[in-house]
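S.K.: If you scroll down you'll find the structure; I have some questions about it.
The values are calculated or read from the model by the stated rules, or taken from the named source; none is laboratory data. On a predicted model such as this, the values are computed, not experimentally measured, just so you know. Neighbour counts are summed over all protein chains in view; Cβ atoms, including those assigned to glycine, are modelled from backbone coordinates with ideal geometry. With ligands, DNA and RNA removed, areas are computed over all heavy atoms of the protein, side chains included. Shrake-Rupley method; radii C 1.70, N 1.55, O 1.52, S 1.80 Å.
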Amino acid sequence: MQDYLQQVRDRLINYRNLFNKELKESELAEISFLEEKLDKCAIAIAVFGMVSKGKSSLINALLGQKLSETGAIHGITKDIAVYAWDIPSPPTPLPLGEGRKKIQLRLIDTQGIDEVGGEVRGAIALEAAKQADLILFVIAGDMTRLEQEAIANLKKSYKPILLVFNKTDLYPECDRVAIHQALQNVEIRKLISPQEIVLTSVEPKPVRVRIQYSDGRDSQEIWEQPKPDIQALKERILELLNTEGKELLAVNVLRSLLEIQNTVTQRYVQRLQASTAIASLVFIIEAIGVLISPLRWVDGLISGGITGLFVIWAIGRYPSQKKYLWLFLTVAIACVSGGLGINNEVTRYVQIIGLGLSLLFLFKSLITDIEQSRASGKLGAKTLITAIIQAVSEGSILQRLQNM
């Protein structure tokens, strides 16, 4: 098994060093945060859902103590809160370098997706999803259209989601089975596979119990609060961490790096598109060289050399998927400029027009290639993400996420 975490760290460090001058302060800070996340083996689990479905109660149950206020009032979760969750390490801790480190889990409590000010808070929730490595989406019955839309939006963050069917104690067994089956219909399967549905009851309703006294006193009935039923969810989370924890952490860090690489490349492409003056200067230099050169082969040498330097400058440190094509086009332009295959009657002015059209085509094609090649190559996050997902076992949550 390859050490993906080390490969991810190497990409972060090398990309920061290579593009240090082009990265904004916020992007450098994000890369430092990602490095720290890898160093600590920190996995963030965000909890989403509508109001009154049991999000905060679920976090309380997982933590084993009441840390966040809960209730049915809209807006009760004022801010996104993060809690450390200390659970036993998986049987096989995540390897990191030569040693082994215990996973550090964080639970992120988000605002209800249907709270007041939904657009603003929805944006905050999506930002929280970007920071998460795993998402728990809590429902309490048949899934509503709003919940389906929210899950579809969360899927855009390419994060694995466990659908937590909560408050199962409120339903008779036959109703629980019916709802569970309904959650596996064709429409919902596009968002959540059956393997990612977990049943819980984080705050079971009180039950009446009769107390018998050994001293002969009359028995009495009291209401007793059952313990939360979350064992299945804990086991599913631990199973994921044990089998795919390293890959989940690596892929989610890479997706954050991918956003940075896409943004940096986009800025460069915009600058390149605005640098028509440089392309025009290259054309003028080549045109003058063709006009004053005494020999056709000198024409080819001039245009080929200048075009080659232009291509090297335009690509710079950015990945290119068509390097051999640009080499071929550079040679082709040099040949045309040198008069190979051109009749003696063809004037040098026609030759210069062909040179100009070739440079224009080359310039636009280079921009397209750089834009399409973003985040690929040796330092590209996209390349390693693909390699990790292809290497995971059949039926893993990462592979199912990729196929959706």
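S.K.: Tally time: how many residues in the range 208-221 are part of a strand (DSSP E or B) and either open to solvent by 60 Å² or more (accessible area, probe 1.4 Å) or touching a Phe, Trp or Tyr at 6+ places or on another chain (Cβ under 7 Å) (or both)?
M.R.: 4
S.K.: Could you run through the range 224-265 and say how many residues are among the β-branched types (Val, Ile, Thr), assigned to a helix (DSSP H, G or I) and buried (at least 17 other Cβ atoms within 10 Å of the Cβ)?
M.R.: The number of residues fulfilling the criteria is 6.
S.K.: All but one of (1) farther than 15 Å from Ile284 by Cα; (2) at pLDDT below 70; (3) aliphatic (A, V, I, L, M) hold for Leu362; state the number of the condition that does not hold.
M.R.: (2)
S.K.: Between a first residue in the range 198-215 that is farther than 15 Å from Pro226 by Cα and a second residue that is surrounded by fewer than 17 Cβ atoms within 10 Å (Cβ to Cβ) and hydroxyl-bearing (Ser, Thr, Tyr), which pairs have beta carbons less than 8 Å apart while being 6 or more apart in sequence or on different chains?
M.R.: Ile211/Ser219; Gln212/Ser219; Tyr213/Ser219
S.K.: Among residues belonging to the range 375-402 that are outside any loop (DSSP other than H, G, I, E, B) and of a type in the set (Gly, Ala, Ser), point out the one that is nearest to Ser256 (Cα to Cα).
M.R.: Ala381
S.K.: Grab the helices (runs of 4 or more DSSP H) fully contained in the range 1-69, keeping just those with 2 or more residues being among the β-branched types (Val, Ile, Thr).
M.R.: 4-18
S.K.: Scan the range 266-279 and report the pairs whose first residue is surrounded by 15 or more Cβ atoms within 10 Å (Cβ to Cβ) and whose second residue is hydrophobic (A, V, I, L, M, F, W, C) and at pLDDT below 85, with Cβ atoms within less than 6 Å and a gap of 6+ or a chain change.
M.R.: Within 6 Å, the pairs are Ala279/Phe363.
S.K.: Another question, if that's okay. List the residue pairs whose Cβ atoms are under 8 Å apart, where the first residue sits in the range 148-160 and is within 17 Å of Ile188 (Cβ to Cβ), the second is outside any helix (DSSP H, G or I) and modelled with pLDDT under 80, and the two are 6 or more positions apart or on different chains.
M.R.: Final answer for the pair search is Ala150/Ile113; Lys155/Met404.
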